[in-house]
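First the structure, in the form of C-alpha coordinates, and then the observations on it.
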Amino acid sequence: MIHNDHPRYESLKLREKIVDAYKKGILAESGMIAHGRGEAFDYLLGEKKTVNSEKAVRAAAAALILAKNPVISVNGNTVALVPNEIVILADDLDAKIEINLFHRTEKRVSIIEKVMNNAGAKNILGTDHEEKAKIKGLEGPRANSSREGVYIADVVLVPLEDGDRAEALVKLDKLLITIDLNPLSRTAKTATITIVDNIVRAIPNLIQAVHELRNVDDPTLHQIVNDFNNQENLDESLKKISDKHTGRVKP
(Lines give C-alpha, C1' and ligand atoms only; values in the text may rest on other atoms or scores of the structure.)
Protein backbone atom coordinates (compact mmCIF):
# COMPACT_ATOMS: atom_id res chain seq x y z
CA MET A 1 0.00 0.00 0.00
CA ILE A 2 1.26 3.46 -0.94
CA HIS A 3 -0.04 6.38 1.11
CA ASN A 4 -1.10 9.32 -1.00
CA ASP A 5 1.04 11.77 0.97
CA HIS A 6 4.21 10.01 -0.19
CA PRO A 7 6.31 12.47 -2.29
CA ARG A 8 6.67 9.82 -5.03
CA TYR A 9 3.04 8.69 -4.84
CA GLU A 10 2.12 9.06 -8.53
CA SER A 11 5.38 7.56 -9.74
CA LEU A 12 5.10 4.62 -7.35
CA LYS A 13 1.51 3.97 -8.46
CA LEU A 14 2.73 3.66 -12.05
CA ARG A 15 5.48 1.29 -10.95
CA GLU A 16 2.85 -0.91 -9.30
CA LYS A 17 0.82 -0.94 -12.53
CA ILE A 18 3.89 -1.98 -14.48
CA VAL A 19 4.79 -4.78 -12.07
CA ASP A 20 1.18 -5.99 -12.08
CA ALA A 21 1.14 -5.95 -15.89
CA TYR A 22 4.30 -8.06 -15.94
CA LYS A 23 2.75 -10.59 -13.58
CA LYS A 24 -0.34 -10.79 -15.79
CA GLY A 25 1.74 -11.40 -18.93
CA ILE A 26 1.05 -8.05 -20.57
CA LEU A 27 4.68 -6.95 -20.32
CA ALA A 28 7.95 -8.61 -21.19
CA GLU A 29 10.76 -8.15 -18.66
CA SER A 30 12.33 -5.49 -20.87
CA GLY A 31 9.12 -3.48 -20.56
CA MET A 32 9.87 -2.87 -16.89
CA ILE A 33 13.37 -1.69 -17.77
CA ALA A 34 11.95 0.66 -20.40
CA HIS A 35 9.53 2.12 -17.87
CA GLY A 36 12.35 2.76 -15.40
CA ARG A 37 14.34 4.59 -18.05
CA GLY A 38 11.34 6.74 -18.89
CA GLU A 39 10.72 7.44 -15.20
CA ALA A 40 14.22 8.91 -14.92
CA PHE A 41 13.59 11.31 -17.79
CA ASP A 42 10.19 12.21 -16.36
CA TYR A 43 11.87 13.19 -13.11
CA LEU A 44 14.33 15.38 -15.01
CA LEU A 45 11.43 17.04 -16.85
CA GLY A 46 9.68 17.87 -13.59
CA GLU A 47 6.97 15.19 -13.88
CA LYS A 48 4.50 17.57 -15.53
CA LYS A 49 3.59 18.72 -19.00
CA THR A 50 5.71 21.47 -20.52
CA VAL A 51 4.98 24.27 -22.97
CA ASN A 52 6.64 22.38 -25.81
CA SER A 53 4.84 19.13 -25.01
CA GLU A 54 1.54 21.04 -25.22
CA LYS A 55 2.56 22.35 -28.65
CA ALA A 56 3.41 18.82 -29.76
CA VAL A 57 0.07 17.51 -28.48
CA ARG A 58 -1.76 20.20 -30.42
CA ALA A 59 0.13 19.39 -33.63
CA ALA A 60 -0.49 15.67 -33.10
CA ALA A 61 -4.20 16.23 -32.58
CA ALA A 62 -4.41 18.28 -35.77
CA ALA A 63 -2.56 15.62 -37.77
CA LEU A 64 -4.78 12.83 -36.43
CA ILE A 65 -7.98 14.76 -37.21
CA LEU A 66 -6.76 15.37 -40.77
CA ALA A 67 -5.75 11.73 -41.28
CA LYS A 68 -7.71 9.63 -43.75
CA ASN A 69 -6.66 6.37 -42.11
CA PRO A 70 -5.25 6.95 -38.59
CA VAL A 71 -3.92 4.01 -36.61
CA ILE A 72 -2.87 3.82 -32.95
CA SER A 73 -0.16 1.23 -32.43
CA VAL A 74 0.01 -0.19 -28.89
CA ASN A 75 2.57 -2.26 -27.00
CA GLY A 76 2.59 -3.79 -23.54
CA ASN A 77 3.57 -0.63 -21.66
CA THR A 78 0.84 1.40 -23.34
CA VAL A 79 -1.79 -1.21 -22.55
CA ALA A 80 -0.53 -1.50 -18.97
CA LEU A 81 -0.90 2.22 -18.30
CA VAL A 82 -3.63 3.76 -20.49
CA PRO A 83 -5.88 1.13 -22.12
CA ASN A 84 -9.14 3.00 -21.47
CA GLU A 85 -7.73 6.30 -22.70
CA ILE A 86 -6.46 4.68 -25.90
CA VAL A 87 -9.97 3.40 -26.62
CA ILE A 88 -11.47 6.85 -25.99
CA LEU A 89 -8.93 8.47 -28.33
CA ALA A 90 -9.50 5.85 -31.03
CA ASP A 91 -13.27 6.30 -30.81
CA ASP A 92 -12.96 10.10 -31.01
CA LEU A 93 -10.81 9.83 -34.14
CA ASP A 94 -12.50 6.79 -35.69
CA ALA A 95 -8.98 5.32 -35.63
CA LYS A 96 -7.92 1.68 -35.64
CA ILE A 97 -5.92 0.11 -32.80
CA GLU A 98 -3.15 -2.34 -33.68
CA ILE A 99 -1.04 -4.48 -31.36
CA ASN A 100 2.68 -4.32 -32.11
CA LEU A 101 5.12 -6.06 -29.77
CA PHE A 102 8.91 -6.21 -29.83
CA HIS A 103 8.93 -9.44 -27.80
CA ARG A 104 5.92 -11.05 -29.41
CA THR A 105 4.32 -14.28 -28.30
CA GLU A 106 0.89 -15.64 -29.10
CA LYS A 107 0.04 -15.63 -25.38
CA ARG A 108 0.98 -11.97 -24.89
CA VAL A 109 -1.01 -10.92 -27.95
CA SER A 110 -4.04 -12.79 -26.66
CA ILE A 111 -3.77 -11.21 -23.18
CA ILE A 112 -3.38 -7.70 -24.59
CA GLU A 113 -6.28 -8.21 -26.98
CA LYS A 114 -8.46 -9.23 -24.04
CA VAL A 115 -7.41 -6.19 -21.96
CA MET A 116 -8.22 -3.84 -24.83
CA ASN A 117 -11.55 -5.54 -25.49
CA ASN A 118 -12.41 -5.18 -21.80
CA ALA A 119 -11.55 -1.48 -22.10
CA GLY A 120 -14.16 -1.17 -24.85
CA ALA A 121 -12.15 -1.58 -28.04
CA LYS A 122 -14.33 -2.83 -30.89
CA ASN A 123 -11.86 -4.24 -33.40
CA ILE A 124 -8.26 -4.92 -32.42
CA LEU A 125 -5.79 -5.44 -35.26
CA GLY A 126 -2.35 -7.01 -35.07
CA THR A 127 -3.60 -10.31 -33.69
CA ASP A 128 -2.48 -13.75 -34.85
CA HIS A 129 -5.63 -14.57 -36.79
CA GLU A 130 -5.56 -11.95 -39.54
CA GLU A 131 -3.68 -11.22 -42.74
CA LYS A 132 -0.24 -9.70 -42.25
CA ALA A 133 1.83 -7.43 -44.46
CA LYS A 134 5.59 -6.85 -44.29
CA ILE A 135 7.04 -3.43 -43.49
CA LYS A 136 9.92 -2.74 -45.83
CA GLY A 137 13.27 -2.35 -44.07
CA LEU A 138 12.53 -4.64 -41.13
CA GLU A 139 13.35 -8.30 -40.62
CA GLY A 140 11.71 -11.06 -38.58
CA PRO A 141 8.49 -10.67 -36.57
CA ARG A 142 8.97 -6.89 -36.26
CA ALA A 143 8.36 -6.60 -39.99
CA ASN A 144 4.79 -7.81 -39.60
CA SER A 145 1.88 -5.39 -39.52
CA SER A 146 -1.83 -5.67 -40.08
CA ARG A 147 -2.71 -5.27 -43.73
CA GLU A 148 -5.76 -3.27 -42.64
CA GLY A 149 -3.88 -1.23 -40.04
CA VAL A 150 -0.40 0.29 -39.90
CA TYR A 151 0.47 -1.03 -43.35
CA ILE A 152 -2.07 1.24 -45.08
CA ALA A 153 -2.18 4.05 -42.50
CA ASP A 154 -1.29 7.61 -43.44
CA VAL A 155 -0.86 8.79 -39.84
CA VAL A 156 0.37 6.46 -37.08
CA LEU A 157 0.49 7.18 -33.37
CA VAL A 158 3.11 4.89 -31.85
CA PRO A 159 3.56 5.56 -28.12
CA LEU A 160 6.80 4.09 -26.77
CA GLU A 161 7.97 2.69 -30.12
CA ASP A 162 11.47 1.33 -30.81
CA GLY A 163 13.81 3.16 -33.15
CA ASP A 164 14.16 0.73 -36.05
CA ARG A 165 10.43 0.39 -36.56
CA ALA A 166 9.94 4.15 -36.28
CA GLU A 167 12.57 4.73 -38.96
CA ALA A 168 10.99 2.12 -41.23
CA LEU A 169 7.54 3.69 -40.92
CA VAL A 170 8.83 7.19 -41.71
CA LYS A 171 10.62 5.82 -44.79
CA LEU A 172 7.20 4.62 -45.96
CA ASP A 173 6.07 8.29 -45.90
CA LYS A 174 3.80 7.88 -42.92
CA LEU A 175 3.32 10.84 -40.62
CA LEU A 176 4.62 9.37 -37.38
CA ILE A 177 3.58 10.63 -33.96
CA THR A 178 5.29 9.22 -30.90
CA ILE A 179 5.26 9.72 -27.14
CA ASP A 180 8.77 9.43 -25.74
CA LEU A 181 10.21 10.87 -22.53
CA ASN A 182 13.73 10.57 -23.94
CA PRO A 183 14.35 13.43 -26.41
CA LEU A 184 17.62 11.79 -27.45
CA SER A 185 16.14 8.46 -28.56
CA ARG A 186 16.14 7.39 -32.20
CA THR A 187 12.37 7.27 -32.13
CA ALA A 188 12.07 10.81 -30.79
CA LYS A 189 14.47 12.10 -33.44
CA THR A 190 12.85 10.13 -36.27
CA ALA A 191 9.18 10.91 -35.63
CA THR A 192 7.38 13.74 -37.37
CA ILE A 193 5.89 14.82 -34.04
CA THR A 194 7.33 13.75 -30.68
CA ILE A 195 5.38 14.38 -27.51
CA VAL A 196 8.06 14.47 -24.81
CA ASP A 197 5.87 13.61 -21.86
CA ASN A 198 4.66 10.71 -19.76
CA ILE A 199 2.06 8.69 -21.63
CA VAL A 200 -0.34 8.90 -18.66
CA ARG A 201 -0.45 12.67 -19.18
CA ALA A 202 0.04 12.79 -22.93
CA ILE A 203 -2.92 10.62 -23.98
CA PRO A 204 -5.50 12.50 -21.85
CA ASN A 205 -4.04 15.79 -23.11
CA LEU A 206 -4.29 14.49 -26.67
CA ILE A 207 -7.94 13.55 -26.14
CA GLN A 208 -8.63 17.06 -24.88
CA ALA A 209 -6.82 18.65 -27.85
CA VAL A 210 -8.81 16.51 -30.31
CA HIS A 211 -12.03 17.74 -28.69
CA GLU A 212 -10.86 21.36 -28.94
CA LEU A 213 -9.80 21.10 -32.60
CA ARG A 214 -12.41 18.74 -34.02
CA ASN A 215 -14.47 21.57 -35.57
CA VAL A 216 -11.52 23.63 -36.83
CA ASP A 217 -11.29 23.99 -40.63
CA ASP A 218 -8.75 21.90 -42.54
CA PRO A 219 -6.50 24.80 -43.68
CA THR A 220 -6.02 25.85 -40.04
CA LEU A 221 -5.28 22.27 -38.99
CA HIS A 222 -2.72 21.94 -41.80
CA GLN A 223 -1.12 25.19 -40.64
CA ILE A 224 -0.82 23.87 -37.07
CA VAL A 225 0.96 20.75 -38.34
CA ASN A 226 3.19 22.65 -40.77
CA ASP A 227 4.23 25.19 -38.15
CA PHE A 228 5.45 22.46 -35.81
CA ASN A 229 9.20 21.82 -35.87
CA ASN A 230 10.16 18.58 -34.16
CA GLN A 231 13.85 19.43 -33.86
CA GLU A 232 13.02 22.67 -32.07
CA ASN A 233 10.64 20.68 -29.88
CA LEU A 234 13.37 18.22 -28.88
CA ASP A 235 15.86 21.03 -28.31
CA GLU A 236 13.41 22.71 -25.94
CA SER A 237 12.94 19.45 -24.05
CA LEU A 238 16.70 19.07 -23.61
CA LYS A 239 16.91 22.68 -22.45
CA LYS A 240 14.17 21.97 -19.91
CA ILE A 241 16.22 19.06 -18.55
CA SER A 242 19.35 21.21 -18.45
CA ASP A 243 17.57 24.08 -16.69
CA LYS A 244 16.22 21.74 -14.01
CA HIS A 245 19.66 20.21 -13.51
CA THR A 246 21.27 23.66 -13.07
CA GLY A 247 18.41 25.04 -11.02
CA ARG A 248 16.95 27.28 -13.74
CA VAL A 249 13.51 25.68 -13.74
CA LYS A 250 11.09 27.02 -16.36
CA PRO A 251 7.60 25.85 -17.42
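The values are calculated or read from the model by the stated rules, or taken from the named source; none is laboratory data. What you see is a predicted model, and the numbers here were worked out from it, not measured in a lab. FYI the Cβ positions are ideal-geometry reconstructions off the backbone, even for glycines, and counts take in every protein chain you see. Just so you know, the surface numbers come from the protein's heavy atoms only, side chains and all, with ligands and any DNA or RNA stripped out. Shrake-Rupley method; radii C 1.70, N 1.55, O 1.52, S 1.80 Å.
Inspect the range 216-226 for any residue being part of a helix (DSSP H, G or I), loosely packed, with under 13 Cβ neighbours inside 10 Å and β-branched (Val, Ile, Thr) and give the result as yes or no.
Yes, because at least one residue in the range 216-226 is part of a helix (DSSP H, G or I), loosely packed, with under 13 Cβ neighbours inside 10 Å and β-branched (Val, Ile, Thr).
From the set of residues in the range 16-31 that are among the basic types (Lys, Arg) and touching a residue at least 24 places away in the same chain (Cβ under 8 Å), which is least open to solvent (accessible area, probe 1.4 Å)?
Lys17
In the set Ala59, Ala63, Ala80, Ala34, which member is surrounded by 22 or more Cβ atoms within 10 Å (Cβ to Cβ) and either over 30 Å from Asp218 (Cβ atoms) or modelled with pLDDT under 85 (or both)?
Exactly one of Ala59, Ala63, Ala80, Ala34 is surrounded by 22 or more Cβ atoms within 10 Å (Cβ to Cβ) and either over 30 Å from Asp218 (Cβ atoms) or modelled with pLDDT under 85 (or both), namely Ala80.
Which one is farthest from Lys240 (Cα to Cα) among residues in the range 37-51 that are open to solvent by 20 Å² or more (accessible area, probe 1.4 Å) and assigned to a helix (DSSP H, G or I)?
Arg37
Collect the residues in the range 116-130 that are open to solvent by less than 70 Å² (accessible area, probe 1.4 Å) and either in contact with an Asp or Glu (Cβ under 7 Å, 6 or more places away or on another chain) or more than 15 Å from Ala90 (Cα to Cα) (or both), keeping them in residue-number order.
Across the range 116-130, the qualifying residues are Ile124, Leu125, Gly126, Thr127, Glu130.
Yes or no, residue by residue, for (1) closer than 22 Å to Ala80 by Cα; (2) touching an Asp or Glu at 6+ places or on another chain (Cβ under 8 Å):
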position	(1), (2)
Ala166	yes, no
Leu181	yes, yes
Arg186	no, yes
Arg201	yes, no
Lys239	no, no
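When only residues in the range 227-238 that are more than 11 Å from Ser53 (Cα to Cα) and either hydrophobic (A, V, I, L, M, F, W, C) or touching a strand residue (DSSP E or B) at 6+ places or on another chain (Cβ under 6 Å) (or both) count, which is surrounded by the most Cβ atoms within 10 Å (Cβ to Cβ)?
So, considering only residues that are more than 11 Å from Ser53 (Cα to Cα) and either hydrophobic (A, V, I, L, M, F, W, C) or touching a strand residue (DSSP E or B) at 6+ places or on another chain (Cβ under 6 Å) (or both), the one surrounded by the most Cβ atoms within 10 Å (Cβ to Cβ) is Phe228.
Taking only pairs six or more apart or across chains, which ones have beta-carbon atoms under 7 Å, a first residue in the range 193-219 that is within 14 Å of Asp180 (Cβ to Cβ), and a second residue that is part of a loop (DSSP other than H, G, I, E, B) and of a type outside the set (A, V, I, L, M)?
Ile193/Phe228; Thr194/Asp180; Val196/Asp180; Val196/Pro183; Asp197/Lys49; Arg201/Lys49
Could you tell me whether Leu172 is open to solvent by less than 40 Å² (accessible area, probe 1.4 Å) and of a type in the set (A, V, I, L, M)?
No, not satisfied.
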